[in-house]
Structure formats: structure tokens, C-alpha cells
Amino acid sequence: ALGVAPVHRWTRRRVNRWLYGDREDPTTVLAHLTDQLAQSAQLEPTLQRIGDTLHAALRLDTVTVRAWETSGEEIASVRIGDGSDNSAIRIPLLFERRRVGELLVVPRPGERLRAADLETVRRVGSAAGVAVHAALTAERLQRSRAALVMAREQERARLHRDLHDGIGPTLASVSQRLGGVQAQLAADPERAARTLRSAQEGV
């Protein structure tokens, strides 16, 4: 009994890991997920790494990870596996009690997730919610920067048009009037004075 018991426990752990992955060891799943998420802060790669980690670590049939905007509109989605989402277990991805996405997991045919398995998925979902929120924030920041660059270029183009189409011709007209003042000084001083006043108003 003393010799068989340790071998039995070791064999059972090996077989369980081979069949069911790390469902009974959420700490290992979370550590692996953290390592994967540290590689990128972009939205699509983040969703892909969450799905791949869950799919491989828990030996699931299908995993779908969705990210939502603050309006509730889906902004990105990644699906690993070919199963149907009709029988999927839905786990909300939360950040500060606000939904930032959704996790859909489908066990392999003929299997059911136990309470401990669901707890592992929920714990992974909590960590995934923080990661998805960070990726969404980075995505919004990138879009804001792009919008700022676009607005700056549009303003620059508008100023260029104003200078070319408005101020440029006005200055050319003033210059032309000033050029005629010299010829008017001797012949018609009053007219020259009017031209100078008009040019001054133009400037």
C-alpha cells in the first residue's frame, strides 16, 4: 500500500492532465496566461492568446473571446475550435464591475464542466477582463492619436488653402495698388492718398 499509493497519485495526476489539461490547477493556467499576455497589449493578439491558453490548458472543444465597446457593441472577436456556440457556457469579462467582453467555452463532446472547472474558467475570466480592458484602452488611445494627426493635417491643409486663396491674392492686390501710388504722386496727390488709404485698409 505504501508503495502503490504514491504511484497511483502520480499516475492519476498525469492521466488527468493528459485528458483534462490544467483544469484542477488554476494557478498554473493563470501563470501561463499572464506570461502570454505580457507579449502584447494590442486587442486582437490579446484575445487570441486568451483563447489559445484556455483552449490548450483546459482541453476545451471551442473557445470564443469577445471584446465590447462601452456602448455594448462588439469590437473584436476570436474563435478557437469548430464547435457550436449554442451550447456554450458564457462567462462575462469584467473590469470594475463593467462588462468589457465575453468568454464562451464549449467542452468536448460527451463532457461536462464540473463546478471546479467552471471556477477555473471564471478565475481566468477575471484576469482576462483586466487584460481586455487594457487592450481596449490602448486601442482607443491609438484611434485618438490617429484622429489628432488627421485633424492636424486637415487644419494645415485648410490654412494652406486660406493663405493661397485668400491672403495671397489680397496681398498681391495691395502690392499692385502701392506700385501705382508712385506714378500718381506727381500727377494726382489726392488720388495717391486715397490709394494709400485703401491699401492701408487692405493690409
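Using 5 Å bins from zero, what percent of all Cα-Cα pairs in region 129-190 falls into each bin?
4, 14, 10, 10, 8, 8, 8, 7, 6, 5, 5, 4, 3, 3, 2, 2, 1, 0
Taking the convex hull of the alpha carbon atoms in region 64-103, what volume per residue do you get, in Å³? If you can, show how the numbers build up before the last one.
Numbers: hull volume 2.7 nm³, N = 40.
Normalising the Cα hull of region 64-103 by residue number yields 67 Å³.
P(r) tail for region 90-138, what percent of Cα pairs lie past 17 Å?
Numbers: 434 of 1176 pairs.
Cα-Cα pairs in region 90-138 separated by more than 17 Å: 37 percent.
So which GluC sites (Glu not before Pro) in region 67-119 pass both tests, a DSSP loop state and at most 15 other Cβ atoms within 10 Å of the Cβ?
Numbers: sites: Glu69, Glu73, Glu74, Glu96, Glu102, Glu111, Glu119; in loops: Glu69, Glu73, Glu96, Glu111.
Taking region 67-119 and a limit of 15 other Cβ atoms within 10 Å, the loop GluC sites (Glu not before Pro) found are Glu69, Glu73, Glu96, Glu111.
Amide H of Leu93: which non-local residues (sequence gap of 5 or more, or other chain) have their own amide H closer than 5 Å, using H built in the peptide plane?
Under 5 Å from the amide H of Leu93: Val100, Gly101, Glu102, Leu103.
So what does the Cα-only Debye profile of region 44-157 read at q = 0.15, 0.19, 0.20 Å⁻¹, as log10 I(q)/I(0), no solvent term?
-0.65, -0.93, -1.01
Here, each number is a calculation from the coordinates, and none is a lab measurement. For clarity, every value in this text was computed on a predicted model and none was experimentally measured. Please note: Cβ atoms are built from the backbone with ideal geometry, for glycine as well, and neighbour counts cover all protein chains shown.
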